[in-house]
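Below: the structure, in structure tokens.
Every number here is computed from the coordinates shown, using simple stated rules; none is lab data. Since we're looking at a predicted model, the values are computed, not measured. All Cβ positions, glycine included, derive from the backbone under ideal geometry; neighbour counts span all protein chains shown.
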Amino acid sequence: MSREAWSPSLRAAVSSWPAGLKLAALVVLATGLLLIQSAAVLGVASALVLLAGLLVLGPAGLSRAAGRWLVLTIGCLALLTLLIEGPERALVVLLRLSSLLVLAELVTGTTRASAIQDAIVAALRPFERLPFVSADKAGLALALALRSLALVRGMAEELREAQAARGLRASPSRLIIPLVARILREATETAEAIDARSWTGEKARSSPKEPPRDHP
Amino acid sequence: MIRFDEVSVTRGERRVLAEVSCVLPERRIAILGPNGSGKSTFVRLINGLVVPSAGRLDVDGLDPAADPKAVRRRVGFVFQNPDNQIVFPIVEEDIAFGLRNLGRSRMEAAEASRAALDGFGLGHLAAQPVATLSGGEKQLVALLGVLVMQPAILVFDEPTTLLDLRNRNRIAAAIGGLDQQAIVVTHDLDLVAGFDRALVLDGGRIVADDEPGAAIAWYRERMA
């Protein structure tokens, strides 16, 4: 992947930074982007973020980060804002969300999931006395979310191909229900696999789990 | 040793396993049977992923329903679809996951992961994103993720179902080379031909229990 970056040495340097530092920087920069209301200032900030993205990730890395559905979602939101609030606000939404996407990819594209997990767990550990806060669960959820991106993309592609083979045109409304159903079905086995691999962050189940159906 | 003592599992009104009793001391045991016969439930009982509705199960002196954590340290489980088993996006991170759960430091887990990958001739995959692996490589990574935890017993739930012939053969060779006891649920009858014992389940009951040659012949005839 480093061969794709415009500046492999910068990429190597960013990759060596601690995950906690990068996550903290992401929080600060994302907050800054949310606070900027001027399209002109946001334009300059977005150009800098884009330049950083090209230097560290390269065009191919940025393209991977964007993904068709994310670009479509950002485009829809910008279009909606254009219709409701006018062109300047639409430009702000477009620049802000695009920059956030690139910043997030700058972190996940240069940091191992296990390092991000460790950083999240360490950051949340002091707050575990608060209700509903579990550092281990948050860390595992994040690792699973990162892993799931490629899986869900693959599932969506398979469903699209299956629908096309039956003569159906691609449509988000046709895709969403079977995709969600499949994600939920696969998630059950993933949960079992995590249990089977001795993960102890989960509290013991109080009631017996239903047996699975045999696989076809 | 694994001992089922009149173990039943019910789901609503349906009895998935019905008063199953058996002792499993052999090194290689195949679990055969048609879809919906209770095979997956049978093996999930062994490491506490499913608990019995009635009866008792003993795994090396431990009760999986009462102490699933201790049992899972002894019993590794390899699922049919490695995509559902692999948690982390990078190969060596995923293999280290189980070791971290056992309390090993990040460095120890990373070293053990690399050693395990090298041992299987897969060292070149260590830094690869899981999404770029073939089905067979993913299944081997899933197996390694379990093996590094050094379980005494390994359970496989249809490990070759999603694989092509070459990858199926790699997994078969990996299972054949294991030191541990292996219990394999499968529809791949060639995979288990050299095993020590085969159980055939149907309707939640053990309907045949023999050496694989005889059990497979009986199963083929019954399913014809």
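Close amide H pairs (under 5 Å, H built 1.01 Å from N) link B:ALA54 with B:SER8, residues at least 5 positions away or on another chain.
Got a sec? How would A:SER114, B:SER21 order by Cβ neighbour count within 10 Å, fewest to most?
Least crowded to most crowded, the residues run B:SER21, A:SER114.
The distance linking segment B:71-142 with segment B:172-214 is 25 Å (Cα centroid to Cα centroid, whole angstrom). With an a/c value of 1.5 or above and a/b not larger than b/c for the gyration tensor axes a ≥ b ≥ c computed over the alpha-carbon atoms, chain A is described as oblate. For chain A, adding -39500 (n - 2.57) for each run of n ≥ 4 DSSP H residues and dividing by the number of residues yields -25000 deg cm²/dmol at 222 nm. Here is the list for segment A:133-175: trypsin sites (Lys or Arg not before Pro) lying in DSSP coil, each with at most 11 other C-beta atoms within 10 angstrom of its C-beta, are A:ARG166, A:ARG169. Among the helices of chain A, those built from whole DSSP H runs whose Cα atoms reach 30 Å or more along their own axis and whose mean Kyte-Doolittle hydropathy is at least 0.0 are A:87-108, A:135-165, A:172-196. For B:THR161, neighbours were defined as the other residues whose beta-carbon sits under 10 Å from its Cβ, and their charges (Lys and Arg +1, Asp and Glu -1) total -2. Rounded to the nearest 20, the Cβ-based charge dipole of the protein assembly as shown about its Cα centre (Lys and Arg +1, Asp and Glu -1) stands at 1100 debye.
In chain B, helices alone account for a calculated mean residue ellipticity at 222 nm of -10500 deg cm²/dmol, with every DSSP H run of four or more residues adding -39,500 (n - 2.57). By definition, a body whose alpha carbon gyration tensor gives a ≥ b ≥ c is prolate when a/c is 1.5 or more and a/b is larger than b/c, and segment A:127-196 fits this prolate description.
Of B:GLU158, A:GLU85, how do they rank once you tally other Cβ atoms within 10 Å and put the fewest first?
On the way: B:GLU158 23, A:GLU85 12.
Least to most surrounded, the residues fall as A:GLU85, B:GLU158.
Dividing the Cα radius of gyration of segment A:2-111 by 2.2 N^0.38 Å, with N the residue count, gives 1.10. Remark on the protein assembly as shown: hydrodynamic radius 24.2 angstrom, per the Kirkwood mean of 1/r across alpha carbon pairs. Beta-bridge orientation, the protein assembly as shown: approximately 55 percent antiparallel, per DSSP, counting only bridges with both partners inside.
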